[in-house]
Every structure is written in structure tokens, then in C-alpha cells.
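Have a look at the structure below before the remarks.
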């Protein structure tokens, strides 16, 4: 279970290799990389600045990982999230989940990014031709996260 | 109590962080938000639409009826947009 909140870029390959290195019980490793797009809707953006809440951000990510590990049999998980000024094409986030079998790795990884998007205290400020614009929370992200909440309710109801 | 402001809430209030003595009559998150509005200016603007502001007490998401004390760290911010 690894959490990194950092300004600097990361090496996706090296991070994924390190995550499962030496653990021969792992049969599948699933990862997601989030990148800065050059468009915000129909507006081009020159860059974005990611703000976070030092202390709470790390705490929230630890809780998100713990929740994933409770729901699926994961051997290891990784969340790296950057802050500061980023340009189109830059990596923002890497999440990964490893498990004995692929289903848990896929679901765990998907859950990590969906849950992170609606719970981890990060805020994006985009540089647009009209000046700095704070990104609004998207209803689609809430829907994506709610899907996992519904899945959890089903599990509880079945118990 | 220590108060923190992030993203556009910080821009509207004009400060990122301050330490205040808990205002008289404040016992819950809701009381504190109501008191914020009475400060006027940027604070009133930041909290004008309460539904757009999230609150954390000691780095945990807080509900509106949570109690607050003078020893707490309380943060105000918009819905999160990371990832």
C-alpha cells in the first residue's frame, strides 16, 4: 500500500515494476494514468495548477486504499498524485492494483480512481484564454463513484 | 481554532489560513458557517451558496451538525476535482 503526493513526475514503468517485485503470488496488475488534456470543454488550456490539502490529502488516499483492500483481495496498491503547475500531456495521477487474479485487479484499480476523484482533496485551476478557471466537480464523477457505493450496499444486503 | 481555506474559497476570503478564538454561540459546523457569513466581504461571498462549500474537521469530511471546539482544525473548500 503506497501513497505518494508529490510535485515531481513519476516513471510509470519503474513504479509498476517495483509494486509487484518479488511477489510471485500476483497474477495481474492493473493501472490507470491520468493526463492533462489540452482542452477544457471547447476552451484550449495552456496549463493547470493542482492545489491540495497537505495532511488531509494523504489521509484521504490512505482511507481510499484501505477501502479497496477491504473490498477486493489485493496484494498491493499504489496511488501517486501530483500537485503544482502541470502542462498538457503531463501525467497527473497513477493508480494501480495487483491481485492473484485479473478481476480484482481491474475492479480495484477502477474503484481507486473513481473514489479518489470524488473524495481526495485536490482542486484544479485551469489557465484558459479568459484567465484562471476553477474546474467544477462533475456529476459524472459522482455517478461513477456511486456505482461502487451501490455495489457495496448489494454486498451488505446479501450478507 | 485553526481555519483553512482552499481553491476558490481561499480566493474569495482572501486568506489561506488563520487562527481565531471560537466565536461565542458557535457549537457546530453549521454555526461556524453562519458566523462566517456575518463577517461580510469576501467571507460572505465565499459562503453565499453553502451547498458549494465542503467542510473538514480535523482532516475528516464533516457533516453540518458536527460539533466543533476551539482545538479543532477546520477547513473549507469546494467539491474536489483531482484525478
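Numerical summary
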quantity: Filtered residues of region A:60-76 (kept if over 11 Å from the mean Cα position of the chain (by Cα) and under 19 Å from residue A:12 (Cα atoms)); calculated: A:75, A:76
quantity: Single residue of region B:66-83 satisfying the filter (within 12 Å of residue B:54 (Cβ to Cβ) and at the interface with chain A (Cβ under 8 Å from one of its Cβ atoms)) that is surrounded by the fewest Cβ atoms within 10 Å (Cβ to Cβ); calculated: B:79
quantity: Exclusive hit being at pLDDT 95 or above, assigned to a strand (DSSP E or B) and within 14 Å of chain B (Cβ to nearest Cβ), set A:62, A:95; calculated: A:95
quantity: Residue list for region A:34-59, filter: over 15 Å from residue A:123 (Cβ atoms), in contact with a strand residue (DSSP E or B) (Cβ under 7 Å, 6 or more places away or on another chain) and part of a helix (DSSP H, G or I); calculated: A:58
quantity: Top-ranked residue in region B:44-58 [being farther than 28 Å from residue A:58 by Cβ and touching a helix residue (DSSP H, G or I) at 6+ places or on another chain (Cβ under 9 Å); ranked as surrounded by the fewest Cβ atoms within 10 Å (Cβ to Cβ)]; calculated: B:48
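The values are calculated or read from the model by the stated rules, or taken from the named source; none is laboratory data. Owing to the predicted nature of the structure, the values given are computational and were not obtained by experimental measurement. FYI the Cβ positions are ideal-geometry reconstructions off the backbone, even for glycines, and counts take in every protein chain you see.
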